[in-house]
Structures are given as structure tokens and as C-alpha cells.
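A.B. asks: Structure in C-alpha cells, see below.
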Amino acid sequence: MKKIFSRPESLTAKRNIYCSGCGHGIVHRLIAEVIDELGIREKTIGVAPVGCAVFAYDYWNFDVTEAAHGRPPAVATGIKRVLPDRVVFTYQGDGDLAAIGTAETVHAANRGENITIIFVNNGVYGMTGGQMAPTTLIAQKTTTTPLGRDPKIAGYPIKISEALGQLEGSVYIERVTVNSPKNTIKAKRAIKKAFQNQIQNKGFSLVEVLSMCPIAWGVNPVEALKWIEQKMIPVFPLGVIKDKDLTAKGNL
Amino acid sequence: MGKIIINIEQCKGCKLCVIFCPKQLIKLSEKLNPAGYHPAEFIDNGQCNSCGLCYQMCPDVAIEVWKGEKR
């Protein structure tokens, strides 16, 4: 018998603290597999966010540093400029990237920093107890919008990927999800491209991953997969939002 | 013919592997693991074809997939 799928070398054996059915574990694995496949484990530096993934440095078997809430793109900018031969990526949630760190994210993209950002969007602040995030859907119930998000007082779900796509500095932006094996394999392909872009010095790449948060959504892990399909994807459509490679060829 | 090995200490019983197994070879155990979840259990009846869909969806990377040699 031959082992064909097992824990990648870039993941430690530590049991993660995520809730049952959380999408973070899948995204961690995809990143670890991509790093193994590209053979860059010894020269990769990750920047962990504040949020549920705050302990990501315990799960990845390569160098990972921690940044203040929302500031991973700024920290990654510093690391990449001092050590340009390393592969530097940030791993951020929607509270971290689209709320507290909006300024850092927008300006890192606008400067066209040669870094990779993996943006995990689950539409809530998970770690603090399921409060409303800027990405929360209209009418979605959270602990701070118990009657559902009302756009009159709380605005609309922010499509940060589309917004960053408008900036001249960004090179590659794609939105994917991990709610089925097929979508998970597609997500891995996007993450791999985002890392390859950095290795080829192309510039700022961001992959937004729509991810499950069954606890904060008040559903079970299996229903959470359908929740993404039925509620999140209509608001946050999947696909390539910007790819300068394709634009150059006239395909996008 | 293949098989999977489930790390029952890491499994959190989310059932994502159960619903995606095309041959329904995974169920939740009656027993509890140290963290208090009913972990997934493999039904080894020789039908597993090592497709790896369970591995793709496991948020805890608790599944190892093995493939048998061709006869």
C-alpha cells in the first residue's frame, strides 16, 4: 500500500483550536501543500493575523511572525523589502483585512508590494463571538445585529477584492471558496498562482477564500457548506477579479 | 482497493468527510474522543478507491489516504 494523501510537511502535528467544521484548517492545509510543492519551506515567512487564526504560527512548520491587528500587509512589506529573496505572505481574516487593516491593505496593494495575501472571508468576527464585520451580509443575524444587518445603519457588505482590483498596483486577485472538494482544489490552484506570482516578481497578489463559520452562522458544519453556496456566493461571486497576465493577452 | 486512516484525536466530528464519501464508507463513531467529539470511523469493506475527497474536505487534516498496488 502506498500513502497518497497525508499531512503536508509544512503543517505541524499540532491539533488546531478551530471549531468543528471551520474552514481555516482547510486553507492552512492548502497553503502548506502549495509551499511543499514549490519547495520554498526554508525561505517562506508567514505573517499571522489577529483573529481566529492568531495561533497559525503553531500549525505551520515554517517561519511565521505575528502582527498587530490589521497590520500584516505593513509587516510583510517590511520583511519583503529587507529580505527580498524570501517568500512573504500574510494570512488574514475579514475583520483583520477589511475592517481594522483597511488602510494597510489598500496602500500595500496600491504600492504594488511583491507579497501574497490569503484573505479568509467568513462574514463575521469569529474569535470575539460572532459580531458583525464589514463583510456581514444584509439581514444576516450576528450578536451585534440580532435583527439582521440593516444597511440604513450598518452599511453594505464590503467587496474589498473588487475595490483592490481597481488599484493600478495590484496584479492578481481571485475569489475562491472551500465548500466542496471541487472548489477546494480550485482554491489551491489560485493560492499556488498567488505564490508563483511573487516568486516571479510580478507583484501584489490576493486570494479571497469564502470560508465556513458554522458556530457564528448558527448552523451545523454540513449546512454551512450550503450557506456559502446559497447566501455568500450571490453577494461575493467567485472567479478571477483581476489578472494582469490575462489583461495583457486581452482575455479579461 | 484502498483505505483511510483517521486520527481520532484530531477529528472534531464535523461530518464533512461523511457527506462527501461517494461510497458512504465513513460514519461517526459511537465512542467519544478525548476532546468530547464523536470521531469519524472508516468502514473497511474493500470498496474504498482512494479518491481522497474526505482528505480534501477535512478541516483538521486528520485523514491519511492509502492506495493499494495494482494486481
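The values are calculated or read from the model by the stated rules, or taken from the named source; none is laboratory data. Every value quoted in this text rests on a predicted model; they were computed, and no experiment measured them. Positions of Cβ are backbone-derived with ideal geometry, glycine not excepted, and every protein chain shown enters the neighbour counts. Quick note on the areas: whole protein, heavy atoms, side chains included, nothing else; ligands and nucleic acids left out. Shrake-Rupley method; radii C 1.70, N 1.55, O 1.52, S 1.80 Å.
A.B. asks: Work out which residues of the range B:43-71 lose at minimum 50 square angstrom of accessible surface when the other protein chains are put back, relative to the chain isolated, with a 1.4 angstrom probe, and list them by number.
C.D. replies: So the qualifying set is B:Tyr55, B:Gln56, B:Met57, B:Pro59, B:Val61, B:Val65, B:Trp66, B:Lys67.
A.B. asks: Expressed as a whole number of Å, what is the distance separating the alpha-carbon centroids of the range A:1-35 and the range B:14-61?
C.D. replies: 15
A.B. asks: Same structure again: What whole-number distance in Å separates the alpha-carbon centres of the range A:215-237 and the range A:134-168?
C.D. replies: 15
A.B. asks: Stick to the Cα atoms of the range B:2-67, pair each with every other, and give me the Kirkwood hydrodynamic radius in Å at one decimal.
C.D. replies: Taking the inverse mean of 1/r over all distinct Cα pairs, the range B:2-67 comes out at 11.6 Å.
A.B. asks: Also: At a probe radius of 1.4 Å, what is the per-residue accessible area of A:Arg15, in Å² to the nearest 10?
C.D. replies: Rounded to the nearest 10, that gives 90 Å².
A.B. asks: Okay, moving on. How many Å² of accessible area per residue for chain A, probe 1.4 Å?
C.D. replies: For chain A, the solvent-accessible area averages 41 Å² per residue.
A.B. asks: Do any GluC sites (Glu not before Pro) in the range A:22-68 lie in a DSSP loop with no more than 16 other beta carbon atoms within 10 Å, and if so, which?
C.D. replies: Within the range A:22-68, no GluC sites (Glu not before Pro) qualify (loop, at most 16 other Cβ atoms within 10 Å).
A.B. asks: How many percent of the accessible area of the range A:18-71 is carbon or sulfur, using a 1.4 Å probe?
C.D. replies: Result for the range A:18-71: 51 percent of the exposed heavy-atom area is carbon or sulfur.
A.B. asks: Accessible area of A:Val240, 1.4 Å probe, to the nearest 10 Å²?
C.D. replies: Surface accessible to solvent at A:Val240 totals approximately 60 Å².
A.B. asks: Taking only Cα atoms and a 10 Å spring cutoff, compute GNM fluctuations for chain A and point out the largest among A:Val82, A:Val171, A:Val47.
C.D. replies: A:Val82
A.B. asks: Which GluC sites (Glu not before Pro) from the range B:30-71 combine a DSSP loop assignment with at most 11 other Cβ atoms within 10 Å?
C.D. replies: Sites meeting the loop and neighbour criteria: B:Glu30, B:Glu69.
A.B. asks: Here's something else I'd like to know. Which whole-Hz ³J(HN,Hα) couplings does the range A:129-135 yield from phi under the Karplus relation 6.51 cos²θ - 1.76 cosθ + 1.60, θ = phi - 60°, glycine and proline marked x?
C.D. replies: x, x, 7, 5, 10, x, 8
A.B. asks: Right, here's the next one. If A:Lys186, A:Lys141 are ordered by their accessible area, calculated over protein heavy atoms with a 1.4 Å probe, which sequence runs from highest to lowest?
C.D. replies: Most to least solvent-accessible, the answer reads A:Lys141, A:Lys186.
A.B. asks: Under 13 Å from a label point 7 Å along Cα→Cβ of A:Thr143: give me every residue in the range A:196-216 with its amide N that close.
C.D. replies: Answer for this model: A:215-216.
A.B. asks: Next question, about the same structure. Any idea how far apart B:Asn49 and B:Lys31 come out in nm if each label point goes 7 Å out from Cα toward Cβ?
C.D. replies: Roughly 3.1 nm, to one decimal.
A.B. asks: Another question, then. GluC sites (Glu not before Pro) within the range A:142-231: which are DSSP loop residues with at most 14 other Cβ atoms inside 10 Å?
C.D. replies: Qualifying residues, ordered by number: A:Glu168.
A.B. asks: ³J(HN,Hα) across the range B:21-26 via Karplus (A = 6.51, B = -1.76, C = 1.60, θ = phi - 60°), whole Hz, x for Gly/Pro?
C.D. replies: Result, ordered by residue: 5, x, 10, 6, 9, 10 Hz.
A.B. asks: Here's another thing I want to ask about it. Roughly how many Å² of B:Lys31 are accessible to a 1.4 Å probe, to the nearest 10?
C.D. replies: Per-residue accessible area (B:Lys31): approximately 150 Å².
A.B. asks: Counting only residues 5 or more places away or on other chains, whose amide H sits under 5 Å from the amide H of A:Val209 once H atoms are built in the peptide plane?
C.D. replies: Residues meeting the amide H criterion: A:Phe119, A:Val120, A:Asn121, A:Val176.
A.B. asks: Kindly identify residues of the range B:1-18 having a loss of at least 40 Å² in accessible area between the isolated chain and the assembly of all protein chains, probe radius 1.4 Å.
C.D. replies: B:Gln10, B:Lys12, B:Cys14, B:Leu16
A.B. asks: Leaving ligands and nucleic acids out of the surface, order A:Leu147, A:Leu225 by accessible area at 1.4 Å, largest first.
C.D. replies: A:Leu147, A:Leu225
A.B. asks: Here's another thing I want to ask about it. Once amide H atoms are placed 1.01 Å from N in the peptide plane, what residues at a sequence separation of 5 or more from A:Ile241, or on another chain, have their amide H within under 5 Å of its amide H?
C.D. replies: When sequence neighbours closer than 5 places are left aside, the close amide H contacts are A:Ile173, A:Glu174, A:Arg175.
A.B. asks: Between A and B, buried accessible area summed over both sides at probe 1.4 Å, in Å² to the nearest 100?
C.D. replies: Buried: approximately 2600 Å² between B and A.
A.B. asks: For A:Val88, list long-range residues whose amide hydrogen, built 1.01 Å from N in the peptide plane, is under 5 Å from its own amide hydrogen.
C.D. replies: A:Ile45, A:Thr116
A.B. asks: With all protein chains present and a 1.4 Å probe, how do A:Asp243, A:Asp85, A:Asp150 order by accessible area, largest first?
C.D. replies: A:Asp85, A:Asp150, A:Asp243
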